[in-house]
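First up is the structure itself, then whatever we jot down about it.
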Amino acid sequence: MKSRAIAIGIFWAALLAVLAWRAPGFFEFANLRDIAVTNAPALIVAMGMTVVIIAGQIDVSVGSQFAVASVLAGTLAKAGVPLPLTALLTAFAGMLFGCLNGALVTALGVPSIVATLAAMAFWRELLRWYTQGAWVQGLPAGFQWMGLGQAQGEFAILTATVLLFAALVRAMRNLQAGRAVYAIGSQRESARLAGIPVNGISFGVFMLLGALTGLAALLDSVRFSEVQSSAGAGLELKAISAVVIGGTSITGGKGNLWGTLLGASVLAVIAPALTFLGINAFWEKAIQGGIILGAIVLERVTSQRRSK
Amino acid sequence: MRLVENRAGSERALIGLILLEIAIFAVTGPNFFSAANAFEVVRLGVELGLLALALTPVIVTGGIDLSVGSMMGLCAVVFGYLWRDLHFPIAVAAACTLLAGLAGGALNAIVITRFGGAPLIVTLGTYSLFRGIAEGLTRGVDNFSQFPASFLYLGQGYLGGILPAQAPVFLLFGAFYWLLLHRSIYGRAIRAIGFAAEGARWAGIPVNRRLALVYTLSGFTAAVASLIYVAHLGQARSDAGTGYELLAITAVVLGGTEIMGGRGSIWGTLLGLSAIVVLQNGLRVSAFPAELAGILTSAILVATIAIGKLQWRAAPVSEGIEEDEMKNSQLAVLSAVILAGSLIVAGSNWWLVQSVRPGSMPTGAAPATATKRYTLAVMPKAKGDPYFVSCRAGAEEAAKQLGADLIWDGPTDLDPAKQNEVVEAWITRGVEAISVAVVNAPGLSTVLRKARAKGIKVLTWDADAEPDARDYFVNQATPEGIGETLADEANRIMGGEGDFAIITGALTAANQNEWIKFIKARIVAKYPRLNLITIRPSDDDRNRAFSEAQTLMKVYPKMKLIMAISAPAVPGAAEAVKQSGRKDVKVTGLSLPNMCKPYVKAGIAESVVLWNTGNLGYLVVQASEMAAEGTLKPGVTSIEAGRLGRIGIDGSQVVLGKPLVFTRANIDQYDF
Amino acid sequence: MNLLEARGIEKRYGGVRALKHVSFDLRAGEVHAIVGENGAGKSTLIRILTGAVQADAGTVTLDGQTLLHNSPHRSRQLGIAAIYQQPAIFPDLTVAENIALVNEPGGLLRRIDWQARRATAKELLDAIGADIEPERIAGTLSMPEQQIVEIAKALGGNVRVLILDEPTASLTERETKKLFGIIARLRERGAGIVYISHRLEELSRIADRITVLRDGETIDTRQAAEVDVRTLIRLMAGRDLSAVFPKREVPIGEPVLRVNGLHCAEAGIRNITFEVRAGEILGFAGLVGAGRTQLAETLFGLTPPESGTISIAGQAIEIRKPEDAIRAGIAYVPEDRRRHGIVGELPVRANSTLAILNRIASGPLLQMAAERTLAESWVAKLGVKTDGIDAPANSLSGGNQQKVAIARWIATEPRVLILDEPTQGIDVGAKAECHRIMCDLAEAGLAIVMISSELAEILGMSDRVAVMRGGEITGISGRSEATAESILGMALPA
């Protein structure tokens, strides 16, 4: 799986080289900062997704969770709830969505792809029914940028993302809980024999992803002065793609967050890179799909070469 | 063997569910319980059903294929291209399309078997790849239509005047997949692979070849589904089949196929499919909100599986699943399905008698004493779109004033196929007037003609269908008018010269592409010093428009204007300009005043172009009421439209007026 | 007082009564061996002792305290550690982590000290003299190496009761000695050791008492010093050895399978040369990991050979995949019955015909009636005890599952039948029947390759015995020359 990350790394370096050659403006601080701020929420979701996939599960409902959490954040803020409390409640709500998925998977034994497929449609349609597509408008002035102003707000979002990333990297590496996630993804039965609470951890990873999704929804919403109700469409595929491109094994046990960071960066850069390079936007999806397939093929080729 | 009974039990539960759905909708949905509707349900289920059939063996091997929906899009485009641009005979084009499907399926198969990719990831990749190639080939815009009638018959015709023409194709594939999975050596191998891939390999089964077979077949079947889809809608576009993969997987899993592989049956898939399609149709005929379909489907899915799992626990004896236990369980299924079918047909006679009685009351409401109470159905392009939400307010106001029953429903996302289904449901239900904001003219005109033939008044609004498919078009503003107004605004804001970029909705959105065409034409004709540098998509997502605008400003520092022509894109682009602190870039576009108010007031968005959406909705309902009661008929040159006063009729167009230009000066007067 | 005591343990699996009122006790500072044939209930008993499996009836006490709601985790905390035959490792994690995950105390929010982890692992591995880098990924270790990690893992905790299930099966002599040293130290500390082994001769070196299980029942418990190997075998088998192996002399014909200089790096086998004649049973002996199964998998096309020739009845054949092997008349009944031998969820009928789908079909379509007839006839011929041919294969007992697996391959009408551990984990009766079937097949002129880790079976059934070590054949001897000593001599590393 490492070789997949290497293959992507090579592609990534090549893309950056082309950009440096054809469009050096890409590397201006303002551009990199804007790309980072814009994609920070998706990265946070992908981080949680990494943990879920390492544990041998999957969650395709994050896009819908994200939308519900966004609207909830806006609604709370509009109702005059102070922002820190709004943030807390949003993350908590996300956690509850995650708990529901976790409960379906662990208590009822529904395979995670089915359970979260159902949750995906459920939350999205419920939200659509409730909002009828209306945006949350007329938010208090202190909502955008959490009242910090743009520069500091952006800094705060990036700082929060970096801190979360660092904390999660450390937790996955240095906390018994993180190692337990790897263990159950690697071999469930061995984990059970080793006394690791397999169901508890499985439940926990969904909960964590839910909370991170809620938080990401908040950090995304505060970049604007209005909350759109259709947020997060396609987010689940973006997050899963980032994780997988980053070399995490879809069957669990193997992978890490640095790979996900790489995967998310690649995906984040494609759209602006096409604009910078003057390539037509119509081919964007094809390029994304091509990268995933290319990574699989390259992985196989490099690992074969290495074994010879 | 107890679990065999359990499986039959879950099939019985599904049949029970379907019967329950039928029973409920027979009460709530006028004419739901009729032969014609039963066949309509069949028609609606065919494309989805083909995908579900193809996915059943895939999932039985323990794999998955997420690319089938995208494959439909790619095949539709390939077919259209071969036929229209390369002038292939229609049969040859169709054959080549099927080959393309085979090739796409084979690509999945090769990467999965030769390169050892996990099916979920591989098909996630081709999910993007196939759709991306389709969009790239057509530049998102191209729309192939005007297929010969003999081809359209496949999707729109009736055999013997009653059986939808695609039904035999579906039956053929159903039989084929049943034989494949339950009666062939391949099916046996597929099942063994699903239970234990290693065990199958150790038994000398060529595992990779069998896997390759199911994925290749899946691509092929998606190609067939795409041909039927194209024939059904009369047009081929790159967005065909969007989102179908998830619904098809849902149908398969609901039908009792184990997502981890091994267990599963074609019967189950057909039952799962029926449960979903009947639910969707019933909700529409009953005029329940479309969102309920997704909510109920997911609830049913989880409930079915959870019950199955709990039964497992209750009786943890391993199971003798098999293809061949036709005996009791499947005979029960078969007879129940037949029973249900005959009930529908028998019941239909009764409804027929009811409906031919003069002055039938579609909603069951008591006849009004003085004036008749009409049921007016109005469909937006997409339900959740804020633009259409704002139209709805006016529509409801008018319905209230007129004392009419308003059905406001439509697909939750832009999907011509779903618009078709909703119109079909309304025809079945029996309404007096149908007004549709048409996503795609060739795709919807056939069914609208059918509605007219049944004596229903048909209006279009927001975007027109083919002229002979409707009685009137409520024209808020022509695409030409919009394009010109936008170009004029651009010229005004930019002071007659400079670079500007367009941020559109989805690249495939027909409306926006139409406007862009007229914007370009106007610029060429009148403003040669304006330069359109690029067009970027926003997928109708505010945040995507935001990042696109950010990038545009950096790549094109001399750009003076961003023209956003999708409602959420204007605030997105304006926010990007605001955050950049640039004063030399302005935003204009087509959007709702409320969404853009802060930016217009701050002077970032110089202007927003739109008509009064509330008035549009109001006028649609007014006009359809008058059409229904017969006061709006050929020869009438104007109508009295409630609070809007006198509205002129131009031929078969009811014209709302010119688009409004909202600026800092007037935007506070509007609230929508 | 006894350290660990089990009283009246009962356990059923489906229709099979795996343990019948079994009792067992262990004193502090003693090594108590459990012996019995495969399927006698040893593994089930230790799984109940560790809480990995719950007993249907009976009690387990530690220091006189009854263990209620026992679980692997809880018993681990109480100081009961077990090493199973199948290593319970995490293939994606490092050796150090594999050891630590089981042993380190504390909750999920505890911080990990990687240095300490590595040091502990190194220490434990050094203590058993194993040369394994703590940083290696466990999945890349060989089976014996994984076994060693398991031992290190078990030693890591504060062990009071150590349960070893066939610990030396795959160890070298040097490692075995180290292990015995460790066991000696543990018993000095007052720990009790439950020791399960098929190597009866080593029991006198290590065990204090020996308990014999047969067919899920406790037959006897004796002082190790007082019993000899012959007595133990009689107790285990319940009859004399000769009766167990119904070997019949049949005329030996022409060579059928001839293998010359076979190499396969992927399978780890080198320079394999041998031949098997019609009617002959060639036994393959050797330690676990000696390459016997890998050889069989290479012959069957699962791991295609790199060089060397294979010929059937004088005709050279190329085998790249299992279909080639089947076409050439090679059939392989694999060692791991549940993973490879049968597809448990499929009915007996489908299992018995899985390798001959083409023969029960006309074109691509299955002939259901023909399949039923065929399956019925195999069930009758091999005496498979089942609820019917539609019963799922995993509802059958191990012996009957094995018969289904054999039926599948006899159905292909092979010329060479490779049987890998054909009687592992099945009861005595079924075992005898399997042996009878083998004799019948040999009589019908099949060339049979039988891989077995059970010396008695090798000696009792083979016409000739080939011994493998480290991926090579170290010697082939005729029935009359082969003895337990000579075979062990060739199998054990020099």
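Sort C:129-140, B:551-562 by packing, meaning the average of other beta carbons within 10 Å per residue, with the highest value first. Working shown, then result.
Details: C:129-140: 15.8, B:551-562: 20.3.
By packing density, highest mean first, the sequence is B:551-562, C:129-140.
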Mind checking A:123-136 for the average number of partner chain beta-carbons within 10 Å of each residue's beta-carbon? 6
For chain B, find the longest principal axis of its Cα atoms and tell me its angle to the long axis of helix B:68-80, 0 to 90°, nearest 10. 60
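To the nearest µm²/s, what D does Stokes-Einstein give for the range A:3-42 at 37 °C and 0.692 mPa s, using the Kirkwood radius over alpha carbon pairs as Rh? If you can, show how the numbers build up before the last one.
Working: Rh = 11.3 Å.
For the chosen part, D equals 290 µm²/s.
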Rounded to the nearest 10, the angle in degrees between the Cα long axis of helix B:119-138 and the longest principal axis of the Cα atoms of chain B comes to 40
Tell me the Rg and the Dmax, in Å, that the Cα atoms of the range C:352-494 produce. 17.7, 57
Straight-line reach from B:Lys400: which lysines fall under 16 Å, measuring Cα to Cα and dropping same-chain residues less than 8 apart? B:Lys372
Count the net charge of all other residues whose Cβ sits under 10 Å from the Cβ of B:Trp408, scoring Lys and Arg as +1 and Asp and Glu as -1. 0
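Show me the three semi-axes of the equivalent ellipsoid for chain C, from the C-alpha gyration tensor (sqrt of 5 times each eigenvalue), largest first, rounded to whole Å. Walk me through the numbers before you get to the answer.
Details: eigenvalues 306, 135, 111 Å².
Each semi-axis is √(5λ); the values are 39, 26, 24 Å.
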Once the Cβ-Cβ distance between B:Ala393 and A:Val301 is put in as r, and R0 is 51 Å, what FRET efficiency do you end up with, to the nearest 0.05? 0.30
Taking Cα atoms, how many degrees apart are the long axis of helix C:143-156 and the longest axis of chain C, rounded to 10 and kept between 0 and 90? 20
What is the ratio of the Cα radius of gyration of the range A:176-308 to 2.2 N^0.38 Å, with N the residue count, to two decimals? 1.30
Sorted from largest to smallest, which semi-axis lengths in Å does the alpha carbon gyration tensor of the range B:36-325 give for its equivalent ellipsoid, taking the root of 5 times each eigenvalue? 31, 24, 17
Per residue, what volume in Å³ does the Cα convex hull of chain B take up? 172
The answer for the per residue Cα convex hull volume of the range A:2-307, in Å³, is 141
Tell me which lysines have Cα within less than 18 Å of B:Lys383's Cα, excluding those fewer than 8 residues away on the same chain? B:Lys418
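For the protein assembly as shown, what proportion of DSSP beta bridges, expressed in % and rounded to the nearest 5, is antiparallel?
45
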Residue by residue through the range B:93-106, what is 3J(HN,Hα) from phi via Karplus (6.51 cos²θ - 1.76 cosθ + 1.60, θ = phi - 60°)? Round to whole Hz and write x for glycine and proline. 4, 5, 4, 5, 4, 4, 5, 4, x, 4, 5, x, x, 5
Please state, as a whole number in µm²/s, the translational diffusion coefficient that the Stokes-Einstein equation yields for the range B:22-68 at 20 °C and 1.002 mPa s, with Rh defined as the Kirkwood radius across alpha carbon pairs. 168
Based on the alpha carbon coordinates of the range B:479-610, what radius of gyration and maximum Cα-Cα distance (Dmax) apply, in Å? 12.8, 35
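Pairs B:Lys381/B:Lys454; A:Lys254/C:Lys11; B:Lys454/B:Lys517; B:Lys457/B:Lys597; C:Lys11/C:Lys385: which exceed 27 Å Cα-Cα? List each step's numbers first, then the result.
Details: B:Lys381/B:Lys454 23 Å; A:Lys254/C:Lys11 37 Å; B:Lys454/B:Lys517 36 Å; B:Lys457/B:Lys597 38 Å; C:Lys11/C:Lys385 21 Å.
Checking Cα-Cα distances, A:Lys254/C:Lys11; B:Lys454/B:Lys517; B:Lys457/B:Lys597 exceed 27 Å.
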Radius 10 Å from Cβ of A:Gln137, net charge of other residues (Lys, Arg +1; Asp, Glu -1): +1
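Nearest 500 deg cm²/dmol is fine: what mean residue ellipticity at 222 nm does the protein assembly as shown get from its DSSP H runs of n ≥ 4 alone, each adding -39,500 (n - 2.57), divided by its residue count? Please list the in-between numbers first.
Values: 52 runs with 783 residues, N = 1474.
Dividing the helical sum by the residues of the protein assembly as shown leaves -17500 deg cm²/dmol.
Counting every Cα pair in the protein assembly as shown, what percent are over 58 Å apart? Intermediate values should be presented prior to the final figure.
Values: 306143 of 1085601 pairs.
Value for the protein assembly as shown: 28 percent of Cα pairs lie more than 58 Å apart.
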Under Stokes-Einstein, the range C:4-238 at 10 °C and 1.306 mPa s, with its Kirkwood radius over C-alpha pairs, diffuses with a coefficient in µm²/s of 87
Lysines within cross-link reach of C:Lys381: Cα-Cα under 26 Å, excluding same-chain residues under 8 positions apart? C:Lys247, C:Lys403, C:Lys431
Can you pull the mean other chain C-beta count within 10 Å for peptide B:297-303? 6
Computed over the range C:243-491, the convex hull of the Cα set has an average projected area, in nm², of 12.7
Counted charge near C:Val256, where neighbours are those whose Cβ lies closer than 12 Å (Asp, Glu -1; Lys, Arg +1): 0
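Each value in this text was obtained by applying a stated rule to the coordinates, not by laboratory testing. None of these values were measured; they are calculated from a predicted model. Positions of Cβ are backbone-derived with ideal geometry, glycine not excepted, and every protein chain shown enters the neighbour counts.
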